[in-house]
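As structure tokens, the structure follows; a few thoughts come after it.
The values are calculated or read from the model by the stated rules, or taken from the named source; none is laboratory data. None of the values given here were measured: they were computed from a predicted structure. Please note: Cβ atoms are built from the backbone with ideal geometry, for glycine as well, and neighbour counts cover all protein chains shown. We work out accessible area using only protein heavy atoms, side chains counted, and drop any ligands, DNA or RNA first. Shrake-Rupley method; radii C 1.70, N 1.55, O 1.52, S 1.80 Å.
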Amino acid sequence: MNPQPPTPNLSRIWLSSPHMGGAEQSFVKDAFDTNWVAPLGPNVDGFERDLQQYTGAGHAAALSSGTAAIHLALIMLDVQPGDYVICQSLTFSATANPIAYLGAIPVFIDSEPQTWNMSPTALETALKKLTAKGQKPKAIIPVHLYGMPAMMPGIMAIAEKYDVPIVEDAAEALGSEISGRRCGAFGKFGILSFNGNKIITTSGGGALLSDDEALIQKARFLATQARDPAPHYQHSHIGYNYRMSNVLAGIGRGQMQVLPQRIQQRRANYDFYTQLLGDVPGISFLPEPQGFFSNRWLTTILVDTNKTGGITREDIRLALEAQNIESRPLWKPMHLQPVFQHHPYYGGKEAEKLFDNGLCLPSGSNMTDEDRLRVAEVLLKMFEI
Ligand SMILES: *Cc1c(COP(=O)(O)O)cnc(C)c1O
């Protein structure tokens, strides 16, 4: 009897997993040693300073999540039930959910092909139609997906023309830039996320950025249950429990020390994939427009089945999965989600096409040469290169 070949016991290669730098634990230890085990303290102050200095935004508030940051931004922009808020359609649901928390109506906008983010043309059409109907929106939320900055110069010019503030969702784009200006510092508000899969993580967390100091102070006030100054508990506003823990902010301070390295590592992944697949007919990447710099949080490809000899995005995903390698289709546009499909939408089929044909490849900054080799083997076999 022939012995069975050993089943390959392959460890999972993730799309994006946490990658500690080393200093995190000493900041966390400080929190314990000084008993600042609370949603305030020196690590929270230090992390806010780090974020403010790094992004170039005037001020930063460390919060419990990126979603909380969007929620607070919309509250401070006075979004009320029945109001309209413009939102990029191709994104994670966390961008749009806070609009619904406030009983407001999201108006979804298609993507453009250069960055896959909010189309300035579709945005202008939406603003023109909404203002003509007396439905001027309270905010515009563009997103920098996968680290690629949105067309901010165009978006900002249109927002200014119609006098609507921007809440910039930079959850995936810490360290990305346009002409040397960092993402998160373009809008009236910018938001960041430090969820476990982002370029740096605090296990869970987020931040709100703004040049307006009074607004950031108000965000901190709302995020700590809106306590008025008084010896007893006095409230004249509805508050939230949205502040970041001083323990987790310690992780954030350690992560900030290695952020430049993490960006380099993610960009090296992108270079690896473009070298591997750059000449394969039907596979395309997302190059940086002139003056744009992406942190390359995730490397993404588009698959044109007409040119790959019939190989689809799903074929690639399943072949990788068979080797215990995680990959994932691009975000499913919000206007196609069952929960949001009855809301207004402006644009064409760009976001839908991206969803149908796009794939995110394993992009962790902690991928080893061996991991890359395993991914390469699957892809090389698939495309017979
Ligand atoms: C991760 C993410 C968020 C939400 O951040 P959390 O910290 O997980 O709440 C929002 N928008 C986008 C585009 C994201 O990728």
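Could you work out Rg/(2.2 N^0.38 Å) for segment 306-364, with Rg from alpha carbons only? Each step should come with its number before you reach the end.
Numbers: Rg = 14.0 Å, N = 59, 2.2 N^0.38 = 10.4 Å.
Compactness ratio reported: 1.35.
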Largest-first principal axis extents, alpha carbons of the chain, Å: 81, 59, 42
Taking the Cα centre of the chain as the origin and placing charges on Cβ (Lys, Arg +1; Asp, Glu -1), which of H343, I301, H237 is farthest toward the positive end of the dipole? H237
Give the carbon-plus-sulfur fraction of the accessible surface of the chain in %, rounded to a whole number; probe 1.4 Å, heavy atoms of protein chains only. 52 percent
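Hey, with R₀ at 30 Å, roughly what FRET efficiency would K129 and E314 work out to, going by the Cβ-Cβ distance, to 0.05? Present the calculation step by step, with values, prior to reporting the outcome.
Details: r = 36 Å, r/R0 = 1.21.
Computed FRET efficiency for K129 and E314 comes out at 0.25.
Kindly report the accessible area of the chain per residue (heavy atoms of protein chains, probe 1.4 Å, no ligands, DNA or RNA), in Å². Write out the running numbers ahead of the final one.
On the way: 16870 Å² over 385 residues.
Ligands and nucleic acids excluded, the result is 44 Å² per residue.
Cα convex hull of segment 230-312: mean projected area in nm², to one decimal? Can you show the working numbers first?
Details: hull surface 45.0 nm².
For the Cα atoms of segment 230-312, the hull's average projected area reads 11.2 nm².
So how do 71-81, 309-319 stack up, highest first, on mean other-Cβ count within 10 Å?
The peptides rank, most packed first, as 71-81, 309-319.
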For K136 and D304 in the same chain, what is the full-extension length gain: residue separation times 0.36 nm, less their Cα-Cα distance, in nm? 56.6 nm
Compute the distance in nm between two label points, each set 7 Å from the Cα along the Cα-to-Cβ direction, one at N9 and one at Q290. 5.6 nm
Would you work out the charge dipole size for segment 259-383 about its Cα centre, treating the Cβ of every Lys and Arg as +1 and the Cβ of every Asp and Glu as -1, and quote it to the nearest 20 debye? 240 debye
Positive dipole terminus of the chain, leading residue within G282, A249, V37 (C-beta point charges): V37
Over segment 117-272, how many pairs of lysines fall under 20 Å by alpha carbon, counting only those 8 or more apart in sequence or from different chains? 13
Which angle between 0 and 90 degrees, to the nearest 10, do you get for helix 24-33 versus the longest principal axis of the chain when only C-alpha atoms count? 40 degrees
Quick note, segment 82-165: a/c under 1.5 would make it rounded; otherwise a/b > b/c is prolate and the rest oblate (a ≥ b ≥ c, C-alpha gyration tensor); here it is oblate
Sorting check: for 109-115, 171-177, which peptide has the highest mean count of neighbouring beta carbons within 10 Å, and how do the rest follow? 171-177, 109-115
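Evaluate the Kirkwood expression for the hydrodynamic radius of segment 259-383, namely the inverse of the mean inverse distance over all pairs of different C-alpha atoms, and round to one decimal in Å.
Working: mean 1/r = 0.0634 Å⁻¹.
Result for segment 259-383, one decimal place: 15.8 Å.
Based on DSSP H runs of at least 4 residues, each adding -39500 (n - 2.57), what is the mean residue ellipticity at 222 nm of the chain after dividing by all its residues, to the nearest 500 deg cm²/dmol? Could you put the intermediate results ahead of the total?
Details: 11 runs with 144 residues, N = 385.
Result for the chain, helices only: -12000 deg cm²/dmol.
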Where labels lie 7 Å past Cα in the beta-carbon direction, separation of N241 and Q257 in nm: 3.2 nm
Spin-label zone in segment 184-210 - amide nitrogen under 19 Å from a point set 7 Å from the Cα of A23 along the C-beta vector: 194, 199-203
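Can you give the extra length, in nm with one decimal, that the chain gains between R49 and E370 once fully stretched, where that is 0.36 nm per residue apart less the Cα-Cα distance? Mind showing how you got there, number by number?
On the way: separation 321, 0.36 × 321 = 115.56 nm, distance 3.76 nm.
Full-extension gain reported as 111.8 nm.
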Given the options A173, F194, Q225, identify the residue whose Cα lies farthest towards the positive end of the charge dipole of segment 171-282 (+1 on Cβ of Lys, Arg; -1 on Cβ of Asp, Glu). Q225
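How large is the charge dipole for segment 1-137, taken about the Cα centre, if only the Cβ atoms of Lys, Arg (+1) and Asp, Glu (-1) carry charge, to the nearest 20 debye?
Details: 7 positive and 11 negative charges, 96 e Å.
I would put it at about 460 debye.
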Suppose we keep just the alpha-carbon trace of segment 163-317; what are its Rg and Dmax in angstrom? 20.6, 72
Treating only the Cβ of Lys, Arg, Asp and Glu as charged (+1, +1, -1, -1), what charge dipole size does the chain show about its Cα centre? Round to the nearest 20 debye. 440 debye
So how much slack lies between A214 and E384, counting 0.36 nm per residue of separation and subtracting their Cα-Cα distance, in nm? 55.3 nm
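Provide the packing ranking of 298-304, 222-228, i.e. peptides ordered by the mean count of other C-beta atoms within 10 Å per residue, highest first.
Numbers: 298-304: 22.1, 222-228: 16.6.
Order by mean packing, descending: 298-304, 222-228.
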